[in-house]
Amino acid sequence: KMGNGMANYVSAELAQGTTDIMAYNAYCHAVAGLVGEGLTRLFVANGYENTELEAEGDLKWPFCDAKNPQQNLGLANSMGLFLQKTNIIRDYLEDYVDGRAFWPKSLWRQYANCDELGEFTRPTARGGIDMKIFTQSNIASVVQKGASERSLYCLNALITDALDLAPDALEYLRRIQTPRIYRFCAIPQVMAIATLAECFDNQDLFTGVVKIRKGLAARAILDTARGHDATLIWFHTFASDILNKLPKTRADQKTKQHLEKACRAIISIAKPAIKAKRKSDSILLSIAGISAAVILGIGLKVFLR
């Protein structure tokens with residue numbers, strides 16, 4: 001299946017991206033969704049996980065058997081597509097320079113002023129903010145060409161599309177029972193949501209490579225060993241970061257509304273884990289306070305003697 005899926009793109013013209021969202025999803029399915037399918041089948045066949053991991057999620061995919069929702073591997077596909085879309089968004093510049101691109105043209109063409117996906121690298125597509133290249137004589141001509149922040153409008157629309165996959169990815173993780181398999185699957189998912197948060201509304205994506213900090217990555221990776229609640233807390237953190245930026249985000253109203261809905265869906269799923277953490281922290285603080293009081297009391301007693 002993977003070979004056949006990728007064969008469809010061997011001779012495809014990808015210099016300006018995939019044709020539309022459907023082709024974008026189909027490509028991500030061929031290179032990542034099918035990986036999720038294969039791994040899930042292995043997990044279940046070897047007895048590490050039960051068959052509920054093979055079920056469909058909230059999202060319905062044309063490449064998954066709608067007649068068999070209990071075993072059509074919809075959740076596995078959503079998880080794979082979440083990772084692949086994140087990579088495609090992050091690697092915009094590297095892919096375009098190499099003569100291949102995967103951003104769906106039906107989407108990015110809504111924001112570009114021409115038929116070149118590379119237009120988003122130009123200063124005029126990023127608000128004309130590269131002031132070091134401007135002079136008094138050429139700034140007027142740049143403005144006349146339509147300086148705007150359209151590249152960020154497009155980027156944020158693509159990130160919103162990717163965030164729609166997070167609830168299904170989290171549901172897949174919730175169903176995993178084997179700790180080693182959980183960590184194997186959870187680590188890339190946490191890295192994906194962290195990467196999307198870093199790329200969000202970030203013009204640096206169009207001039208270089210955007211990466212999350214190593215310390216942050218290390219903390220997130222280590223936390224996956226603490227179980228699903230720890231993963232949910234990270235998703236809550238990054239979704240909240242994006243949501244907090246929303247008022248000043250470079251995006252049209254429709255995208256902002258969609259983005260808010262996607263972030264709040266993630267936050268809602270993670271809310272019980274946040275409540276449990278606050279309760280645990282409160283208990284620990286109480287214990288620490290009692291311990292400190294006891295130690296202080298013993299110290300005073302010794303001192304008074």
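The values are calculated or read from the model by the stated rules, or taken from the named source; none is laboratory data. Remember, it's a predicted structure, so these values are computed and weren't measured experimentally. When we count neighbours, we look across all protein chains shown, and the Cβ atoms used for this are built from the backbone with ideal geometry, even at glycine. In case anyone asks, the SASA skips ligands and DNA or RNA and just uses the protein heavy atoms, side chains included. Shrake-Rupley method; radii C 1.70, N 1.55, O 1.52, S 1.80 Å.
Things worth noting here:
- Residues (farther than 19 Å from Ala169 by Cβ and among the acidic types (Asp, Glu)) located in segment 187-242: Asp201, Asp204
- Filtered residues of segment 29-70 (kept if surrounded by 12 or more Cβ atoms within 10 Å (Cβ to Cβ) and among the basic types (Lys, Arg)): Arg41
- Considering segment 160-239, the qualifying helices (runs of 4 or more DSSP H), each wholly inside and each with 3 or more residues that are open to solvent by 50 Å² or more (accessible area, probe 1.4 Å) and more than 19 Å from Val35 (Cα to Cα), run over 214-223.
- Going through (1) under 20 Å from Lys105 (Cα atoms); (2) open to solvent by less than 30 Å² (accessible area, probe 1.4 Å) one by one, Ala12 falls short only on (2).
- Being at pLDDT 95 or above and over 21 Å from Asp164 (Cα atoms) is a property that Leu196 lacks.
- Selection within segment 1-22 - closer than 19 Å to Asp98 by Cβ and assigned to a helix (DSSP H, G or I): Met6
- Condition met for Glu116 (of a type in the set (Asp, Glu) and modelled with pLDDT of 90 or more): yes
- Residue count, segment 71-110 (criterion: of a type in the set (Ser, Thr, Tyr) and surrounded by fewer than 21 Cβ atoms within 10 Å (Cβ to Cβ)): 1
- Just so you know, in segment 97-123 the residues that are aromatic (Phe, Trp, Tyr) and touching a residue at least 60 places away in the same chain (Cβ under 8 Å) include one that is farthest from Gln189 (Cα to Cα), and it is Phe120.
- Number of positions in segment 41-79 that are in contact (Cβ under 8 Å) with a residue 12 or more places away in the chain, over 20 Å from Asp164 (Cα atoms) and in a helix (DSSP H, G or I): 4
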